[in-house]
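*Asks:* Dropping the structure in here first, questions after.
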Amino acid sequence: MTIELISVGDELLAGRIVNTNAAFISQQLAEEGWEVLRETTLPDDLSTLKKGFEEVCGRSPIVIVTGGLGPTCDDHTRAAAAAFYGCGLVFDNKVAEDLTRRYGPDLTSLRDQATRPERAEPLLNAVGTAPGLLFSKKDSALILLPGVPQEMRPMLTNQVIPYLKAHFQQKKKRFVETLHLCAITESEIDTFLRGKAEQVQIGLYPGYGMVNLVLASTDLAALKKIKEEVERAFTTHLFSAPSGKLEEALLHFFVKNKKRLAVAESCTGGSLAAVLTRIPGASDYFLGSIVAYSNELKMAQLRVSADVLEKKGAVSAEIGAEMLRGLFQVTTADVGVAVTGIAGPSGGSAEKPVGTVWVAIGERDTPPHVVRYQITGSREKIIDATCTRALSQLWRKLVYGVNP
Ligand code: ATP
Ligand code: MG
């Protein structure tokens with residue numbers, strides 16, 4: 001049983017509003033074991049809508065439409081559906097009663113809203129004025145809902161889904177598992193998963209060294225098996241957080257272990273601190289960041305030695321380690337991260353090209369681990385990717401004892 005969606009509105013096609021209705025409907029239906037196969041967006045135009053209904057209803061038994069049901073001159077969905085079914089419009093007493101009960105006895109401005117195509121059954125709208133419309137046959141249904149999300153959502157949940165459940169067979173329930181991995185590329189996971197699980201659908205959503213892996217299947221045992229295989233193969237890359245953000249996983253780790261973090265940033269200019277503090281409660285473990293770009297500030301704030309700066313240059317493993325050492329001197333942090341690098345676009349050399357970054361990580365009174373990364377791309381990308389690399393390195397060291 002296939003379901004298609006039609007979203008109606010010039011505003012959607014012009015990009016003035018984002019189609020959240022389609023996303024909501026697909027999610028709700030998926031949770032109930034239905035699958036949406038296609039979604040079409042059409043303009044507020046009577047003949048295009050009628051043709052669209054012919055085309056979509058011609059190939060899919062269940063079609064859900066949102067938008068264009070209102071009383072204004074730009075709303076044509078109801079008339080297009082009546083034309084598609086070749087039926088007239090009639091006044092609906094049930095809708096009229098509902099509207100007068102909620103908006104008073106004068107129906108002048110709402111008369112249109114109480115008028116429906118003869119063939120349709122109204123779906124009452126508890127929030128707004130435009131009722132939904134249900135054209136139902138034994139093996140098919142065309143369902144029209146208002147475009148306003150606050151009106152559409154309860155109608156879908158309280159009326160449409162129960163109707164579909166009562167009249168059409170669902171596909172089997174789909175189970176979904178999401179895994180979050182850091183310090184890994186999409187292709188490493190892809191290579192591992194290839195050919196492993198025919199019954200499991202795989203979604204890989206990468207971002208600068210992070211990957212969200214979504215596994216879905218109607219076969220719960222197959223899903224569990226493949227999830228466990230991934231967990232075994234990539235254990236030291238895993239993290240979990242409701243938001244899917246590593247900084248949230250780090251917050252929980254630090255708070256649980258009663259440790260506190262400070263960072264020293266050169267090439268990220270405070271971005272690392274910004275990422276860490278996006279999560280509410282960050283001040284429970286995060287002391288702050290010392291942003292030190294110039295040698296002068298590195299020496300004054302982080303006690304970096306002039307001699308090492310002179311000999312090795314500000315972008316070097318030694319300065320990363322010095323910044324971390326200084327951080328422990330000037331703060332009471334238990335754990336520290338120091339970052340130095342060249343975000344570009346200028347400032348690179350043959351030996352240290354743009355995108356050269358050192359991240360030093362350590363716990364107080366233990367030797368630091370300093371890792372060199374070579375990142376390509378724009379200044380913005382280098383800064384973002386440096387933050388991700390640094391947090392991944394920190395996570396893997398603290399939680400799994402991995403020193404890359
Ligand atoms: P109304 O009675 O308000 O006219 P309607 O059913 O005619 O409702 P539209 O006129 O198509 O619906 O849209 C009304 C508003 O609802 C839009 O301006 C927009 O803010 C929102 N909306 C419509 N369609 C969508 C959609 N697909 N996703 C998100 N919001 C939408
Ligand atoms: Mg409208």
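The values are calculated or read from the model by the stated rules, or taken from the named source; none is laboratory data. Computed from a prediction, not measured in an experiment: that's the story for all the values here. All Cβ positions, glycine included, derive from the backbone under ideal geometry; neighbour counts span all protein chains shown. Surface accessibility is based on the protein's heavy atoms, side chains included, excluding ligands, DNA and RNA. Shrake-Rupley method; radii C 1.70, N 1.55, O 1.52, S 1.80 Å.
*Asks:* Are there helices (runs of 4 or more DSSP H) fully within segment 1-102 with at least 1 residues that are among the small types (Gly, Ala, Ser) and touching a Phe, Trp or Tyr at 6+ places or on another chain (Cβ under 7 Å)? List them.
*Replies:* Ranges flagged: 77-85.
*Asks:* Does residue 286 meet the test of being within 18 Å of residue 246 (Cα to Cα) and among the aromatic types (Phe, Trp, Tyr)?
*Replies:* Criteria met by residue 286.
*Asks:* Here's another thing I want to ask about it. How many residues, within segment 9-41, are within 11 Å of ligand 1 (Cβ to nearest atom) and either under 16 Å from residue 146 (Cα atoms) or surrounded by 19 or more Cβ atoms within 10 Å (Cβ to Cβ) (or both)?
*Replies:* The qualifying residues number 14.
*Asks:* Shifting gears a bit: So residue 114 ticks every box in (1) within 28 Å of residue 58 (Cα to Cα); (2) out of contact with any His (no Cβ under 8 Å at 6 or more places or on another chain) but one. Which box is left unticked?
*Replies:* The failed condition is (1).
*Asks:* Looking at (1) within 16 Å of residue 334 (Cα to Cα); (2) open to solvent by 30 Å² or more (accessible area, probe 1.4 Å); (3) in contact (Cβ under 8 Å) with a residue 40 or more places away in the chain, which is the one condition that is false for residue 250?
*Replies:* With respect to (1) within 16 Å of residue 334 (Cα to Cα); (2) open to solvent by 30 Å² or more (accessible area, probe 1.4 Å); (3) in contact (Cβ under 8 Å) with a residue 40 or more places away in the chain, residue 250 is out only on (2).
Quick grid of which residues meet (1) more than 28 Å from residue 383 (Cβ to Cβ); (2) surrounded by fewer than 15 Cβ atoms within 10 Å (Cβ to Cβ); (3) without any contact (Cβ under 8 Å) to a residue 60 or more places away in the chain:
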| residue | (1), (2), (3) |
| --- | --- |
| 172 | yes, yes, no |
| 190 | no, yes, yes |
| 220 | yes, yes, yes |
| 241 | no, no, no |
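*Asks:* Let me ask something additional. Quick check on segment 295-315: of everything there that is touching a helix residue (DSSP H, G or I) at 6+ places or on another chain (Cβ under 9 Å) and under 20 Å from residue 271 (Cα atoms), which residue is surrounded by the most Cβ atoms within 10 Å (Cβ to Cβ)?
*Replies:* Out of the qualifying residues, it is 298.
*Asks:* Please enumerate the residues belonging to segment 135-161 that are open to solvent by 10 Å² or more (accessible area, probe 1.4 Å) and more than 21 Å from residue 23 (Cβ to Cβ).
*Replies:* Correct list: 136, 137, 138, 139, 140.
*Asks:* Quick check on my filter: what residues within segment 110-134 are part of a helix (DSSP H, G or I), open to solvent by 20 Å² or more (accessible area, probe 1.4 Å) and away from ligand 1 (no atom under 12 Å from the Cβ)?
*Replies:* 111
*Asks:* So which residues in segment 96-109 are at pLDDT 90 or above, open to solvent by less than 40 Å² (accessible area, probe 1.4 Å) and more than 39 Å from the chain's Cα centre (by Cα)?
*Replies:* The answer is 96, and nothing else.
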